[in-house]
Every structure is written in C-alpha cells, then in structure tokens.
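See below for the structure under consideration.
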Amino acid sequence: MTDKDYMQRALILAKKGMGFVNPNPMVGAVIVKDGRMIGEGYHQRYGELHAERNAFANCTEDCTGAVLYVTLEPCCHHGKTPPCTEAIIEHHISRVVIGSSDPNPLVAGKGVQILREHGIEVVEGVMKKECDELNEIFMHYITTKLPFVTMKYAMTTDGKIAAYTGDSKWITSEETRIYAQRDRLRHSAIMAGIGTVLADDPMLTCRLENARNPIRIICDSGLKIPLDSHIVQTAKEIPTIIAACRDDSGSAKELEKHGCRIIMTKPDNGHTDLRELTEILGSEKIDSILLEGGAALNWSALKSGIVSKVKTYIAPKIFGGAAAKSPVSGTGVASPDDAFMLKDSTVKQIGNDILIESRVADVYGNR
C-alpha cells in the first residue's frame, strides 16, 4: 500500500467524528509498521483525545520506527488535551505523513518543526485537497472567527422551491432527503426565518440515527414566533436561539420561560442584522450554520455577505408558474454583472437528483 492508501483510511476514520467535534477539526490517524496497520484512531468528541493519541491507545504493538499517517498537522500546544507532538516523540515514530497544514496560529507549521527538530521525517501535503475539503468549516472558522454558513435548498429543474399553491412537499426524493440530513449533522447550528416557521412549523432536528441536533436559530425580527410552535415547545430540550431586533409582540419573557434564548441585534432595514448575529455566534464557538431558510432569508444572507457555500439539490421535475417561488427572492441584482459569483463547483448524482456544491467568491470575513 502507498502513502495515499493509508491517508485514505485516515480520512475515512476522520469522518466518523462529523458533528461531534465542532469547533475542532475532524482528524483521523493510522500507524503503520513493516507494511502493517498496527493502530488507528480519530477525534471522537470535542474535548476528548485527538486522533493521534487515540491511535496510540488502540495500538497493538510497540510503535518504535513506525509511520504515522494523520489528516491534519499534529498539535503542539496544551488545550483540552496535551500536545500530540509529545505523544509522537514519546512513541519513537520515525516518519509522519500529513494531509493538511493546520491554520490555527497556535500550530501553523510549529508542529512539523518540532517533529523535525527531534529527527522525525515529515512528509506534507499527501491528499491535501481531500483533507482540506474535509475541514473547510474548521479552516474558515479558525482564521476568521466567524461561522461557515452553508445556504442549502432543493428546487425543481425549472428553479422552483414550491408549486404556485405554496406546496413544497416533496421536491427531492426520500434518498436525497436522507442524504441531506448529513448537512444538519455536520453544522453546529441550523438557521431558518420566521416565514418558514409560520408556514411549516418545522422541528429543524437531525433525523439520522445516533446523531446530535444542531442549535436552532430563528431569524424573527419582531419576535412573532408562536408560543405553541414546535420550535418553542421543544426549546428546553434542543438549544434554540431567536434572533430579533425588536419585540413587537412583547413575548420575549415568555419565550425565555419556554427555554428560548433571545439575541437582539441592531436593525438592518427593519430586520435582524445578520452580520452582527454571525459575529456574536462566532464568539460563542458556533463554527458553522446550515441556512435552511426561505427565499427572503436566502437573499438577506447573500446580500449581507455571510454565505460561504451554496448547496443546490435539483430534482428532475418541472413546476412552472410565474408566481411559484424561486430559491432567492428580495430585490435581486440590477444586472448580470452584479451577480453573486460562485466558484469551485462540484456535481454529484444522488439517485435521480443532482447536488451542486459551490463556494461563494466573496464572503464576509474573507475580504
């Protein structure tokens, strides 16, 4: 087997931590000696052992002279756990193969330097693209201190998110909807607008087996969310934030009694200021937000510059109808030259549906 083969195994391991390690990165590690894998591990939960230390804990024999494959540069600072570089040195590893460099200023090349100073051979950049993509949320958050926001929606081939009657269940197949639940698992929080709550009364939970629910964030400028909605009624069980800029209904205290947390921002044209909101959330270690709002919230998020990625699920069907809603409403741009530009697009088929993933070219926090 080659370095790439072992790194591929480390990537598979790393993905097992999805949804449980935020705001830390997903990391996998494999220990190889004499062409045999003798230990492997991954970062399982935030605050617990890192991948390298778990791999050593699971090792079946002496590691002296072995090779360590790890998807991210080993840490070299004391956080919730001791430095992984210390464990690598103590176990007499002779060679370390790394996928991604760690952009965390506390690491950022220092881990590699320490290993080399102790006579350990270090190879960097093996399957770098795949390792970087795995932790795009972490890479963005650690460098900007702002959440990585993914705007996600499902639409028909003619660009409709609902029929002209407003009926939107269901656009994509059940297979695609199950696949999309992984988006809710991967992100720390899920955001929707008051319009979605009033129209659908959703739960906004993750329905995968043994998964954890994301923090729910409802953009509700005037605190109009009904007290009997599913969101409010389950707020004591599932962390729930209502983001507003005024209290039209005088219901703030009642919402708080039900377990909701209220975040007030300054008004932005009468609505919640999404930039201020994301800055507050980022300061509280919320590293990522899945935006599952309606067309109005999608426009506001794009206009405010907080969206990092767009995930478009497309079903092979046509609704038609001049009044049928599209994924993004608002004023729109005045000309094609003013469009929000997307880049690095990839296409994946899920059953008969198609998923297009694209990065937003100009994101707030990256300017």
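The values are calculated or read from the model by the stated rules, or taken from the named source; none is laboratory data. Source: prediction; values computed, not measured. Note that each Cβ is placed from the backbone with ideal geometry, even for glycine, and that neighbours are counted across all protein chains shown. Surface areas here come from the heavy atoms of the whole protein model, side chains and all, with no ligands, DNA or RNA. Shrake-Rupley method; radii C 1.70, N 1.55, O 1.52, S 1.80 Å.
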I want the antiparallel fraction of DSSP beta bridges within the chain, as a percent rounded to 5.
40
Can you work out the PRE-style zone for residue 348? Point 7 Å along Cα to Cβ, and I want the residues of segment 303-327 with backbone N under 17 Å.
309-315
From the P(r) of segment 307-356, could you give the percentage of C-alpha pairs in the tail past 18 Å?
51
Low-density loop positions, chymotrypsin sites (Phe, Trp or Tyr not before Pro), segment 145-201 - DSSP coil, at most 11 other Cβ in 10 Å:
170
Backbone N within segment 278-312 under 16 Å of label point (7 Å from residue 334 Cα along the Cβ vector):
none
Return the loop-located GluC sites (Glu not before Pro) in segment 72-142 (DSSP other than H, G, I, E, B) with at most 16 other Cβ atoms within 10 Å of their own Cβ; answer none if there are none.
124
Viscosity 1.567 mPa s, 4 °C: Kirkwood-radius Stokes-Einstein D of segment 1-42 over Cα pairs, µm²/s:
121
Which whole-number percent of Cα pairs in the chain have a distance greater than 40 Å?
21
On the Cα set of segment 273-319, report Rg and Dmax in Å, please.
13.2, 43
Test of understanding: extend the Cα→C-beta vector of residue 200 to 7 Å, then name every residue of segment 239-274 with backbone N under 20 Å from that spot.
239-243
Relative contact order for segment 1-89, counting Cα pairs under 8 Å that sit 6 or more residues apart, in percent:
27
Please state the relative contact order of the chain as a whole percent: Cα pairs under 8 Å, 6+ residues apart?
15
Report Rg (one decimal) and Dmax (nearest whole number) for segment 1-151, counting Cα atoms only, units Å.
14.1, 47
State which entries of 16/80; 128/169; 128/152 exceed 32 angstrom in Cα-Cα distance in the structure shown.
128/169
Taking 8 Å as the Cα distance limit and 6 or more residues as the minimum spacing, I'd like the relative contact order of segment 224-367 as a percentage.
19
Equivalent ellipsoid semi-axes for segment 271-367, as square roots of 5 times the alpha carbon gyration tensor eigenvalues: give them largest first, rounded to whole Å.
25, 18, 14
How about segment 50-107: which trypsin sites (Lys or Arg not before Pro) there are in a DSSP loop, with at most 13 other Cβ atoms within 10 Å of their Cβ?
80
Residue pairs, from the table 15/110; 4/285; 236/303; 266/303, whose Cα atoms sit over 23 Å apart
15/110; 4/285; 236/303
Percent of beta bridges antiparallel (DSSP, segment 1-139, rounded to nearest 5)
55
Could you state the accessible area per residue of the chain in Å², with a 1.4 Å probe and every protein chain left in place?
46
What nm distance separates the two modelled labels at residue 212 and residue 283, each placed 7 Å from Cα along Cα→Cβ?
2.3
Given a 1.4 Å probe and heavy atoms of the protein chains only, how would you sort 246, 216, 116, largest accessible area at the top?
116, 246, 216
Hydrodynamic radius by Kirkwood, which averages 1/r over all alpha carbon pairs of segment 208-299, in angstrom
13.8
